[in-house]
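A short worksheet on the structure shown next.
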Amino acid sequence: MAQRDPRVSVIVSSSSAPNSLPQGQATIKGTVKFYDANEVVRYWHYRMLSEKMHSGEKTFQMFVQ
C-alpha cells in the first residue's frame, strides 16, 4: 500500500445558509488514522452514512448489513 499523508483540514462554512442565520466559518486541522482493511469500521461507516442519507428507508439500509 502506498504511504498516505495523515494531515487533514476540514472547513465548515455558512456561505450557503440563509442570511437570517449567523454567518462564518471554522477550520479544523489535525491528523487521521486510516483503516483500509478493517471490515468492522467499514461496516460502521457505511451503515451510519446510509441511515443519515436515507433515514427510515429500509430499502437502502439493507445493502450495508
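The values are calculated or read from the model by the stated rules, or taken from the named source; none is laboratory data. Being a predicted model, the structure only gives us computed values, none of them experimental. Cβ coordinates were reconstructed from backbone atoms using ideal geometry, including for glycine residues, and neighbour counts include every protein chain displayed.
Could you list all residues from the stretch 7-56 that are hydrophobic (A, V, I, L, M, F, W, C), within 16 Å of the chain's Cα centre (by Cα) and assigned to a strand (DSSP E or B)?
V8, V10, I11, V12, I28
Conditions (1) surrounded by 11 or more Cβ atoms within 10 Å (Cβ to Cβ); (2) over 18 Å from D5 (Cα atoms), marked per residue:
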site	(1), (2)
A26	no, yes
K29	no, no
Y43	yes, yes
E51	yes, yes
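Could you please find all residues in the stretch 1-32 being modelled with pLDDT under 80 and charged (D, E, K, R)?
Within the stretch 1-32, R4 is the sole residue that qualifies.
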